[in-house]
Amino acid sequence: MSGFLDDCRRVVGASRVLTDSADTDPYLTDRRRRHTGKALAVVQPASTEEVAAIVRLCNTHLVPIVPQGGNTGLVLGSVPDDSGTAIVLSLARMHRIRKVDALNNTLTAEAGCILQRVQQAASEAHRLFPLSLAAEGSCTIGGNLASNAGGTAVLRYGNARELCLGLEVVTPQGDIWDGLRGLRKDNTGYDLRDLYIGAEGTLGIITAAVLKLFPQPKAQTTALLALDSPEHALHLLALAQMQCDTALTGFELMSDYCLQLVRRHFSQSVFPFANAHAQYVLLELSDTESPEHANATIEKLVQDALEQKLIQDAVIATSLTQSQALWDLREAIPLAQAAEGQNIKHDVSLPISAIAAFIRDTDRLLQDAFPGVQAVVFGHLGDGNLHYNLAPPTHEDAQSFLAKQAAINRIVHDEVHRFGGSISAEHGLGVLKREEILRYKSVVEMNLMRSVKRALDPLNLMNPGKLV
C-alpha cells in the first residue's frame, strides 16, 4: 500500500498522512477507551476537493474509509476495526465558517468546525444556534449531523436533522454533491439531505452544512424542581408546556442517585435543597420579551405546580452564575459516573407518556434479576430521551458486573421495545448496537436500509461494519 499512501501524500501533503503510532493513536481509540483499532494511516484533508481526491484513490485501491470528526462518539462509530486495512479520514482541518446570512437565519460551516465555534459565530451575528451537548467544546458539526445528535434543547428546536437545511457531501465514488441550499422549502425530489444525516458516514462524507439560526432570546431563566416520581414529572411537563409553550427550551429529569454521585465526586457543587428528594427536574425558559416576563412566567409555573402538589420544593436562579451552577449539576452526571467506576450505559427514547411506566417496570425487572443494581437515570424528558445507566451493586466488582452486560441489555432493550421506543436515541448504532438492532427492526426495514447502502456504496468502503 506504499503507492496508495504516496498518492495520498501528493493530495494533502506528506505531513498530513500520519502513520507513526505516536501520531495516530489518538484517532484510533474511542472516547471511553474501550477499543483501539488499527489503520493504514490517518489522512487529514483541508478542503472538499482534497476529500474527493482521497476517496477516488480509495476506490482505485479498494481502501475502506472511516470518517472522523471530534471522535466524541459513544458507539465506536468513528474508529476503525482491528484489520488495519482502512484509513481514518480526519476532517478536523476543515473548520471554516464559510458564510453567515443573518437575514436568512443561516450559517454555513465546514464539517470539522467545532460545535462551540458555530455557537459563537451565531452569537456574533446576534443569532442563536441551539444545538447544545456536553461535548460541544470538542465535537464537530459533521459528527453531529452524521449521528443526528440531540442534546438539551431538542424539546424546543429539534435534533441536528431539524437544524440543517442543506449539505455538501462527497459520495463513495469521489463525486461532490453541492446541496448547500438555505431553503425552508424545496420540493424537488428525494430528500438526500435527510438520507445522509444520521447515516454515520456509511453513505458518504459530509463536508459542509447550511445550519438554521434563530433570534437570540431576550432572557433565559432556570429552575431546579424537586418532586416525588417520574409520574409527577410528566404532569409537570404537561403543565409547563401549557403555560410556557415554545418558551420551554429545557426539561431534564434526574434521579436522586444521580445527584448523590455528583455531590460525592464534585464536592464544590452547590446542592440547593436542605433535604433529598426522589427526583429532580431542571427546567429552562427562553423568553422573547424581557427578563421580567421570563421571571413572572417561571414563578407562576412554580406556584401552580406547588399548589397542584406536583413538586415539593423549587429553586429559581436569580443570576447567570446561579443558572450555570444548576446546569453544572446536570452536566456533571456522566463525569461523576465515570469517577464512580465502570457502568453499563443505555441511550434510549420512548413515547413521553410511557417514560414513568418504563422506569418503574424496568427497575423492577433488573432488581429481580440482579439484586442491588443501581440505576443512574437521567435525560431529556421533554423529548423522550433517557440515559438509563446501571452501576454495580455495592458488593460487586465492576468486571463481574460488566460480564452481565448482554443479559442486562436484553432486559432494558426488550422493555424499550415493549413500550414502543428505540434503543438508540441520539448516539447512533455504530458497532456496539449494529447486531442488537436486528432484534427490534423488521426484516423489511433492515432490507430497505441495506438496499440504500448497496446502491450508494456498492464497494462497501464507507465506514464498513457500522450501522448495517
inquiry  = Could you tell me how many of the residues in segment 380-410 are part of a helix (DSSP H, G or I) and buried (at least 17 other Cβ atoms within 10 Å of the Cβ)?
reply    = 6
key: Scope segment 339-373; condition among the aliphatic types (A, V, I, L, M) and within 18 Å of the chain's Cα centre (by Cα); matching residues   = 344, 348, 350
remark   = Checked segment 417-437 for anything over 19 Å from residue 81 (Cβ atoms) and more than 19 Å from the chain's Cα centre (by Cα); matches are 417, 418, 419, 420
ask   = If you go through segment 438-468 one residue at a time, how many are more than 21 Å from residue 81 (Cβ to Cβ) and among the charged types (D, E, K, R)?
value = 3
key: Any chance residue 234 is surrounded by 17 or more Cβ atoms within 10 Å (Cβ to Cβ) and in the same structural domain as residue 159 (by TED's automatic domain parsing)   = no
message = Can you tell me which residue is nearest to the chain's Cα centre (by Cα) among those in segment 224-255 that are polar (S, T, N, Q) and not in a helix (DSSP H, G or I)?
response = 249
query = Somewhere in segment 121-128, is a residue more than 30 Å from residue 326 (Cβ to Cβ), acidic (Asp, Glu) and more than 14 Å from the chain's Cα centre (by Cα)?
reply = no
query = Under the condition of being over 28 Å from residue 31 (Cα atoms) and of a type in the set (A, V, I, L, M, F, W, C), which residue from segment 317-338 is farthest from the chain's Cα centre (by Cα)?
reply = 317
request  = Please specify each residue of segment 156-193 satisfying the condition of being over 30 Å from residue 240 (Cβ atoms) and either among the hydroxyl-bearing types (Ser, Thr, Tyr) or part of a helix (DSSP H, G or I) (or both).
outcome  = 171, 188, 190, 192, 193
ask   = Restricting attention to segment 430-443, does a residue exist that is touching a residue at least 12 places away in the same chain (Cβ under 8 Å), closer than 30 Å to residue 239 by Cβ and not assigned by TED's automatic domain parsing to the domain that holds residue 234?
value = no
task = State yes or no: is residue 283 buried (at least 21 other Cβ atoms within 10 Å of the Cβ), outside the structural domain of residue 418 (by TED's automatic domain parsing) and assigned to a loop (DSSP other than H, G, I, E, B)?
result = no
note = Log entry, pairs with first residue in segment 225-242 being under 17 Å from residue 257 (Cβ atoms), second being among the small types (Gly, Ala, Ser) and in a strand (DSSP E or B), beta carbons closer than 8 Å, six or more apart or on different chains, reads 226/314
request  = Check segment 201-213 and report whether any residue there is surrounded by 14 or more Cβ atoms within 10 Å (Cβ to Cβ), of a type in the set (Lys, Arg) and not in a helix (DSSP H, G or I).
outcome  = yes
ask   = So is residue 303 assigned to a helix (DSSP H, G or I), more than 24 Å from the chain's Cα centre (by Cα) and at pLDDT 95 or above or not?
value = yes
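The values are calculated or read from the model by the stated rules, or taken from the named source; none is laboratory data. Quick caveat: nothing in here was measured; it's all calculated off a predicted structure. Because the Cβ atoms are built from the backbone with ideal geometry, glycine has one as well, and the counts that use them run over all protein chains shown.
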